[in-house]
Amino acid sequence: MKKLLFLLLLPALISCGNDKNSEAENTETQDSLKTEKEEEFKVLDSKNISQDSLWSPFENDLAEFSEEKYQSIKPLIFDKNIPEIQEAVKKGELTYEELSLFYLYRIKKIDRENELSLNSVISLNPNLLEEARKKDKQLNNSAENHLINGIPVLLKDNINTQNMPTTAGAIALQNNQTEDAFIVQKLKENGALILGKANLSEWAYFFCGECPSGYSAVGGQTLNPYGRKIFDTGGSSSGSAVAVAANLAPVAVGSETSGSILSPSSQNSVVGLKPTIGNLSRGGIVPISSYLDTPGPMSKSVIDNAILYSAMTGKDVEDTLSVEVEDTDFNFENTSLEGKRFGAFKQLIKEDSLYKLAVNDLRNAGAEIVEFEAEEIELENFLRLLSLDMKKDLPEYFEKYGGKTGFASVDDIVKFNLKDSVSRMPYGQTLFDGILHESADSTNLDSIKNDLSEKGKKYFDTPMQEHNLDGILSINNYHAGFAAVAHYPAITVSMGYNKDGAPKGLTFFAKSSEENKLYQWAFAYEKASKRRQSPKNYE
C-alpha cells in the first residue's frame with residue numbers, strides 16, 4: 001500500500017453546476033442567490049428515509065455514547081485534518097470506534113428533522129462500528145498503513161457500495177443493491193471505513209432541469225450550512241460538500257461531469273479536486289457521460305484531499321480510460337509559489353473583490369500574476385453530448401454494475417416516474433425527456449467529442465502558451481465546462497465569503513495529469529490565505 005509522506009503535518013492533514021461560460025450547465029442559482037421563501041422548495045424533507053431503519057444498527061452503541069463523551073473527544077476531531085486525527089489515535093487519545101461514533105452522533109443530532117437539519121446523508125453503513133473495532137485491533141500490526149486507514153469516508157450516492165443501495169437520489173433505484181465500485185474497493189484495500197452515502201442532486205443533476213441543486217426524491221433538499229434555506233448548495237455533489245463542511249464526515253467522495261465537485265465544494269467552503277479523466281476509475285458509478293465523468297475527493301483541507309485521492313487511485317481494466325497514476329506520495333514540506341506564473345481573468349478581477357483579494361494573496365506569496373482576456377469560445381453540442389452519452393452509458397451501467405432493479409434504459413426510468421409524478425419527479429424530468437429525443441451514430445458522436453475537446457484545450461492553452469503560464473485561476477466552477485471537455489484537472493479552495501456570508505472558492509486549472517502541481521499550488525495558497533471558517537451554527 002502507498003503511504004503518503006506528509007512530513008510537515010506528521011510530527012510527534014454536472015453538476016452540472018453553475019458554469020458561466022458553458023451551455024453544458026443547467027440553469028442553477030448563482031453562488032450567493034438567496035431563496036427568499038421556504039415555499040420555493042417544493043419538497044424539503046425526505047419522505048423516503050426511515051429514521052428507525054437508519055439508526056437501528058447503532059441504537060445500543062449510541063445509547064452508551066454520551067454527550068459528555070462526545071464533547072470530550074470533539075477537540076481531537078472537529079476541524080482536524082487526517083494526520084492530526086491519526087496522531088491522536090497513535091497516542092492512544094482516540095480510537096477508530098470513537099471516531100466513527102463521533103460522526104454518527106453528530107449526524108443523528110444535526111442532519112435531519114430539526115431546526116439545523118441539512119439533509120446531507122442518505123444512508124449509513126450498518127457494519128461501520130464492527131469494522132472500526134477491527135481497525136483498532138489491527139492498529140499495531142502494520143507500520144505501513146495508508147493514512148486513510150480507519151478514517152470514515154462518505155460516498156456520494158451514485159457510487160456503488162455494498163450494504164447500502166446506490167440510488168443516485170432516485171426512487172427508481174431505491175433497491176439497487178450492488179457490489180463495491182472500483183474506487184470503493186481501493187478505499188477498503190487502503191483501510192478506509194465507509195461511513196455512508198451522501199445526498200446529491202438527483203441523477204447527478206442531469207434529470208429535472210429547473211429543480212434546485214441538492215434535491216433528490218430519496219434524500220430531500222440538501223441545505224447549505226453557511227446559510228440554511230438561504231444560500232444554494234451547488235450541485236451535484238451537494239451532500240458530500242455539506243457533510244464535510246458541517247463536520248458530519250471528515251472527508252467525502254463526489255463525482256463530476258462538469259462542475260459537480262467544484263460547484264458544491266466552492267459554495268460550502270471545502271476543498272474539491274476534479275481529477276484528470278481516467279486517473280480515478282468510473283467503474284460502478286451511475287453515469288452521465290463516459291467521456292467526461294470522474295469521481296473526486298472533497299475535504300476541509302488540501303492535505304486531506306490528497307490523502308483521499310491517493311487512496312482511490314489504481315488502474316481499472318474494466319474502465320477504458322483508466323490509467324495507473326504513477327506517483328501520489330505528495331510531500332508538502334517545501335511547497336512554494338515563488339516564480340509560479342498564473343493567469344487571472346481581467347473581467348473577474350474587475351467584478352469580484354474576493355477573486356481580486358485571492359490574486360493578491362498569491363502575488364504576495366511569490367507568484368507572478370498575468371491578467372488576460374478570456375477566449376471567446378462557445379461549447380456547442382455540450383448538452384447534446386451529455387444526452388447521447390447517457391442514453392448509451394446508463395444501460396451499460398445497469399447491465400454491468402447495477403443490481404436487480406428491473407430497469408434497462410432511460411426510457412424505463414421516465415415511464416416509471418410518470419406513474420407517480422408528485423413523489424418521484426415533483427420538478428419534472430425535462431432532461432431525461434430530452435435524452436429520449438436524441439439520436440446520432442458513433443461517427444457523429446465522436447465528431448462532437450473531438451470538436452468540444454479542441455475548443456476546451458484552446459480555451460486554456462492559448463493564454464497559457466502566449467503568457468508562459470503554469471496554471472489559470474478562476475472562481476467556483478465558472479470554467480468547469482472547458483476543463484471537462486479538455487480533460488484538464490482543477491482544484492478549488494476557499495477564498496472567503498462575500499458581503500452576505502456566502503462562500504466562494506478560488507479554482508486552479510492545470511493541464512492533464514498535473515494533479516501534483518494543483519495540490520502544491522492549492523496547499524501553498526491555503527497556507528498563505530487561511531480563508532476557510534467553519535459554519536457558525538454547526539460548531
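The values are calculated or read from the model by the stated rules, or taken from the named source; none is laboratory data. Source: prediction; values computed, not measured. Note that we place each Cβ from the backbone using ideal geometry, even for glycine, and neighbour counts take in every protein chain shown.
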Can you tell me how many residues in the stretch 83-134 are over 14 Å from P250 (Cβ atoms) and among the aliphatic types (A, V, I, L, M)? 6
Exactly one of (1) assigned to a loop (DSSP other than H, G, I, E, B); (2) buried (at least 21 other Cβ atoms within 10 Å of the Cβ); (3) in contact with an Asp or Glu (Cβ under 6 Å, 6 or more places away or on another chain) is unmet by I148. Its number? (3)
Within the stretch 485-499, is there a residue that is of a type in the set (K, R) and either within 18 Å of K346 (Cα to Cα) or not in a loop (DSSP other than H, G, I, E, B) (or both)? no
In the stretch 126-146, the residues that are among the hydrophobic types (A, V, I, L, M, F, W, C) and either touching a Ser or Thr at 6+ places or on another chain (Cβ under 9 Å) or at positive phi (or both): L128, L129, A132, L139
Between P426, P463, which is touching a strand residue (DSSP E or B) at 6+ places or on another chain (Cβ under 9 Å) and more than 30 Å from K517 (Cα to Cα)? P426
So for the stretch 375-382 (the condition being of a type outside the set (A, V, I, L, M, F, W, C), farther than 30 Å from G169 by Cβ and modelled with pLDDT under 95), does at least one residue qualify? yes
Restricting to the stretch 199-215, name every residue that is in contact with a Ser or Thr (Cβ under 7 Å, 6 or more places away or on another chain) and not in a loop (DSSP other than H, G, I, E, B). E202, A204, Y205, Y215
Here are S266, S258: which of them is among the small types (G, A, S), over 23 Å from P152 (Cβ atoms), outside any loop (DSSP other than H, G, I, E, B) and in contact with a Gly (Cβ under 8 Å, 6 or more places away or on another chain)? S266
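Would you pick out the residues in the stretch 301-314 that are assigned to a loop (DSSP other than H, G, I, E, B) and either among the small types (G, A, S) or surrounded by 24 or more Cβ atoms within 10 Å (Cβ to Cβ) (or both)?
Once the filter is applied, which keeps residues that are assigned to a loop (DSSP other than H, G, I, E, B) and either among the small types (G, A, S) or surrounded by 24 or more Cβ atoms within 10 Å (Cβ to Cβ) (or both), the stretch 301-314 yields S301, G314.
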Among the residues of the stretch 447-464, is any assigned to a helix (DSSP H, G or I), aromatic (F, W, Y) and in contact with a Pro (Cβ under 9 Å, 6 or more places away or on another chain)? no
Conditions (1) touching a Leu at 6+ places or on another chain (Cβ under 9 Å); (2) closer than 27 Å to F416 by Cβ; (3) surrounded by fewer than 24 Cβ atoms within 10 Å (Cβ to Cβ); number of the one not met by E256: (3)
Those residues of the stretch 154-168 which are of a type in the set (A, V, I, L, M) and buried (at least 24 other Cβ atoms within 10 Å of the Cβ), in sequence order: L154, L155, I159, A168
Counting only residues that are at pLDDT below 95 and under 21 Å from the mean Cα position of the chain (by Cα), which one in the stretch 303-338 is nearest to V493 (Cα to Cα)? F330
Here are the criteria: (1) in a loop (DSSP other than H, G, I, E, B); (2) touching a strand residue (DSSP E or B) at 6+ places or on another chain (Cβ under 7 Å). Tell me which single one G196 does not satisfy. (1)
Tell me which residues, restricted to the stretch 177-189, are surrounded by 24 or more Cβ atoms within 10 Å (Cβ to Cβ) and either in a loop (DSSP other than H, G, I, E, B) or among the hydroxyl-bearing types (S, T, Y) (or both). A181
Single residue of the stretch 462-498 satisfying the filter (among the polar types (S, T, N, Q) and at positive phi) that is surrounded by the fewest Cβ atoms within 10 Å (Cβ to Cβ): N468
Quick check on K80: is it crowded, with 18+ Cβ neighbours inside 10 Å, basic (K, R) and either within 16 Å of A249 (Cβ to Cβ) or modelled with pLDDT under 95 (or both)? yes
Conditions (1) part of a helix (DSSP H, G or I); (2) surrounded by fewer than 22 Cβ atoms within 10 Å (Cβ to Cβ); (3) β-branched (V, I, T): number failed by V244: (2)
I'd like to check something: does the stretch 99-108 contain any residue that is in a helix (DSSP H, G or I), surrounded by fewer than 22 Cβ atoms within 10 Å (Cβ to Cβ) and under 21 Å from the mean Cα position of the chain (by Cα)? yes
Could you tell me whether the stretch 392-410 includes any residue that is among the β-branched types (V, I, T), at pLDDT below 95 and either in a loop (DSSP other than H, G, I, E, B) or under 24 Å from the mean Cα position of the chain (by Cα) (or both)? no
